[in-house]
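Visitor: Here it is, the structure, as structure tokens.
The values are calculated or read from the model by the stated rules, or taken from the named source; none is laboratory data. Being a predicted model, the structure only gives us computed values, none of them experimental. Methodologically, a virtual Cβ is constructed for each residue, glycine included, from the backbone with ideal geometry; neighbour enumeration extends over all protein chains shown.
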Amino acid sequence: MDGILTLLSFGPDGWSDEIARGVLVTVSLALATLPFGLAAGFVIALGKISEEPSLRLAANIYTTIFRGLPELLTLFLVFYGAQIAVQQIVRLFGVSAGIEINAFVAGMVALGAVFSAYASEVFVSAFRAIPAGQYEGAYAVGLSRWQTMRLVILPQLVRLALPGLSNLWLILLKETSLVSVIGLADILRQTGVAARVSKEAFLFFGLACLLYLGLAVLSSFAFSAIERRVSASGPTR
Amino acid sequence: MSISRTADLDDLPPPASVKRWTTARIAGFVLLSLWGLLGVGILYFLIASWNPELLARYAPNYLSGLWITIKLVAISVIAGAVLSVPIAIGRRSRNRVTSALAYGYVYFFRGTPLLAQTFLIYYGLGSFRPQLEAVGLWTVFRDAWFCAVFAFTLNTAAYQAEILRGAVESVGRGQWEAASALALSRWQTLRKIILPQAMLVALRPYGNEIILMIKGSAIVAIITVYDLMGETRRAFSRTFDFQTYIWAALIYLVLVELLRILTDRAEGRLTRHLRR
């Protein structure tokens, strides 16, 4: 028991400082991915509800690809693909250098692509839930298209999309664990190192699971707070 | 007034549609041509790096990897379906302890990454080697394949239990009441009235769950199971040829799309009595 406490302490014999840094990396990767994923997802959703068939098709191809590929494969495609591409470009300039793509950035791109594909579906169903009368009413009082979107549609959209998006956030948080495979020092990587060195695999991987659970619980608190705020800002519809 | 006006308009032939180059249309065409370029680029890349030797060497590996993936998903989805029944019953139980246990199970497996769960079982259970050897289970839990199946079964059971529970709860209370008024037993009600309706609701989530499992199964490559992803990684590490990943991506895409179309068809066929 004492041994376990030492292993879990902060300090030279304990792993808690390393693992705490891992938690920070996991959270910052998920937080860094979120805005890009949301923005891209929103734009793709606009493409999907567009009246222009070619735009719809282009948006649907994107979702089909990124919802169909395993996240791990997407990550490898981005990681190795970008590496090879950058090396080719560098070779064009006559320099041969081994270039490593940053695992954090590769993770952001891959997870962001997957997140945006799923988020676009959430936004599309939220858009569909807003009756056409809202647009017509907004145009009738003389709002421009942009104003309608910003002042009338978006506030309702956020409320409708929030449950779906909170679900996607939890999935994103879990998927960041995949980036440990390409060497990012997140929760799973750090606990894995600790497990290998200390030979206490169950303890450390169990701890990793508990940390992810803790993050999930924290996020659901945050989301219910956001939900309360959003719904308190006015009567629903 | 407006009614007579629309009637007038209806009598007129529709105006010839004029296709104008709006911003949306231009954007759509540009994006589509980008996709087209990407497709042609990948095709060109595959043709340019066409290597019969590589194909002869690794195609059988890919096929066996694909088979492992399908086997892994099939076994764990079916075993998970069996396991999900008691969990779903536990979730609906009025006994506080039972429902709390079932809720804890579901919360744990849905709240943690599948990769961490797999590591916990594959590496973590090694901490209990003496105990496992004592019960004679060590040979089983030493095996990466079995650990993967075990972890995936536990994981999908949690998700499937929620699907099952949601589907059963989606059937109205009136159905239960009507059945009991007809003096059907609880089991008969469940089998003949509730489940047939619940399964229609559950079909799409089940299809999605299988797709998620196929995609999730790629991670077993990390614990040295040579599924499709594992074979891909092995081929890439030997050849450093990027086409190995492209082939894997194409296979996964086809697999998932096939499954999606199949689910759509099945749903369309099974719900044809609901169509108006």
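Visitor: Determine whether B:R186 is surrounded by fewer than 14 Cβ atoms within 10 Å (Cβ to Cβ) and either within 20 Å of B:S170 (Cβ to Cβ) or facing chain A (nearest Cβ under 10 Å) (or both).
Guide: The answer is yes for B:R186.
Visitor: How many residues are in contact (Cβ under 8 Å) with a residue 40 or more places away in the chain, within 11 Å of another protein chain (Cβ to nearest Cβ) and not aliphatic (A, V, I, L, M) if we restrict to the stretch B:248-270?
Guide: Initially, the stretch B:248-270 is screened for residues in contact (Cβ under 8 Å) with a residue 40 or more places away in the chain, giving B:248, B:251, B:255-256, B:259-260, B:262-263, B:266-267, B:270.
From what is left, the residues that are within 11 Å of another protein chain (Cβ to nearest Cβ) are B:248, B:251, B:255-256, B:259-260.
In the following step, the residues that additionally are not aliphatic (A, V, I, L, M) were identified as B:260.
Counting residues in the stretch B:248-270 that are in contact (Cβ under 8 Å) with a residue 40 or more places away in the chain, within 11 Å of another protein chain (Cβ to nearest Cβ) and not aliphatic (A, V, I, L, M) gives 1.
Visitor: Could you figure out which of (1) more than 29 Å from A:S180 (Cα to Cα); (2) of a type in the set (G, A, S); (3) surrounded by fewer than 19 Cβ atoms within 10 Å (Cβ to Cβ) isn't true of B:A198?
Guide: (3)
Visitor: Looking at the structure I just gave you, is B:A157 modelled with pLDDT under 95, buried (at least 17 other Cβ atoms within 10 Å of the Cβ) and closer than 25 Å to B:E257 by Cα? Full working, then the answer.
Guide: Numbers: modelled with pLDDT under 95: no; buried (at least 17 other Cβ atoms within 10 Å of the Cβ): yes; closer than 25 Å to B:E257 by Cα: yes.
Answer is no for this residue.
Visitor: Taking helices (runs of 4 or more DSSP H) that do not extend beyond the stretch A:122-237, which have at least 3 residues that are of a type outside the set (G, A, S) and closer than 30 Å to B:S237 by Cβ?
Guide: On the way: elements: A:132-140, A:154-175, A:187-198, A:201-232.
Hits in the stretch A:122-237: A:154-175, A:187-198, A:201-232.
Visitor: Please tell me if B:L31 is over 30 Å from A:E52 (Cβ atoms) and surrounded by 11 or more Cβ atoms within 10 Å (Cβ to Cβ). Steps first, please.
Guide: Numbers: over 30 Å from A:E52 (Cβ atoms): no; surrounded by 11 or more Cβ atoms within 10 Å (Cβ to Cβ): yes.
No: the conditions fail for B:L31.
Visitor: Among the residues that make up the stretch A:162-175, is at least one of them buried (at least 17 other Cβ atoms within 10 Å of the Cβ) and away from chain B (no Cβ under 14 Å)?
Guide: Within the stretch A:162-175, one or more residues are buried (at least 17 other Cβ atoms within 10 Å of the Cβ) and away from chain B (no Cβ under 14 Å).
Visitor: Considering each of B:I47, B:I78, B:I89 in turn, give the residue that is exposed (fewer than 13 other Cβ atoms within 10 Å of the Cβ), without any contact (Cβ under 8 Å) to a residue 60 or more places away in the chain, farther than 30 Å from A:N60 by Cα and away from chain A (no Cβ under 14 Å).
Guide: Selected residue: B:I78, the only one of B:I47, B:I78, B:I89 that is exposed (fewer than 13 other Cβ atoms within 10 Å of the Cβ), without any contact (Cβ under 8 Å) to a residue 60 or more places away in the chain, farther than 30 Å from A:N60 by Cα and away from chain A (no Cβ under 14 Å).
Visitor: Just to be sure before I move on: is B:Y245 touching a residue at least 60 places away in the same chain (Cβ under 8 Å) and aromatic (F, W, Y) in the structure I sent? Quick ask: steps written out before the conclusion?
Guide: Values: touching a residue at least 60 places away in the same chain (Cβ under 8 Å): no; aromatic (F, W, Y): yes.
So B:Y245 does not fit the description; no.
Visitor: Another question about this same structure. On the basis of being more than 10 Å from chain B (Cβ to nearest Cβ), within 22 Å of B:Y105 (Cβ to Cβ) and in contact (Cβ under 8 Å) with a residue 12 or more places away in the chain, does A:S220 make the cut? Before the answer, list the steps.
Guide: Details: more than 10 Å from chain B (Cβ to nearest Cβ): no; within 22 Å of B:Y105 (Cβ to Cβ): yes; in contact (Cβ under 8 Å) with a residue 12 or more places away in the chain: yes.
Considered against the rule, which asks whether it is more than 10 Å from chain B (Cβ to nearest Cβ), within 22 Å of B:Y105 (Cβ to Cβ) and in contact (Cβ under 8 Å) with a residue 12 or more places away in the chain, A:S220 comes out as no.
Visitor: Moving to a separate point now. Identify, from the list A:A58, A:A82, A:A32, the residue that is at pLDDT 95 or above, surrounded by 13 or more Cβ atoms within 10 Å (Cβ to Cβ) and farther than 30 Å from A:S198 by Cβ. Give the steps one after another, and end with the answer.
Guide: Values: A:A58 fails: at pLDDT 95 or above; A:A82 fails: at pLDDT 95 or above.
Going through A:A58, A:A82, A:A32 in turn, just one is at pLDDT 95 or above, surrounded by 13 or more Cβ atoms within 10 Å (Cβ to Cβ) and farther than 30 Å from A:S198 by Cβ: A:A32.
Visitor: Scan the helices (runs of 4 or more DSSP H) fully inside the stretch A:1-116 and keep the ones with 2 or more residues being over 27 Å from B:T244 (Cα atoms) and within 14 Å of chain B (Cβ to nearest Cβ).
Guide: Numbers: elements: A:2-7, A:16-48, A:53-68, A:71-92.
Result: A:2-7, A:16-48, A:53-68.
Rundown of residues vs (1) crowded, with 18+ Cβ neighbours inside 10 Å; (2) farther than 20 Å from A:L72 by Cα, yes/no style:
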site	(1), (2)
B:I223	yes, no
B:F240	no, no
B:Q243	yes, no
B:I261	no, yes
B:A266	no, yes
B:R269	no, yes
B:H273	no, yes
B:R276	no, yes
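Visitor: Please specify each residue of the stretch B:103-148 satisfying the condition of being facing another protein chain (nearest Cβ under 9 Å), of a type in the set (A, V, I, L, M, F, W, C) and without any contact (Cβ under 8 Å) to a residue 60 or more places away in the chain.
Guide: Selection gives B:F108, B:A116, B:L120, B:I121, B:L125, B:F128.
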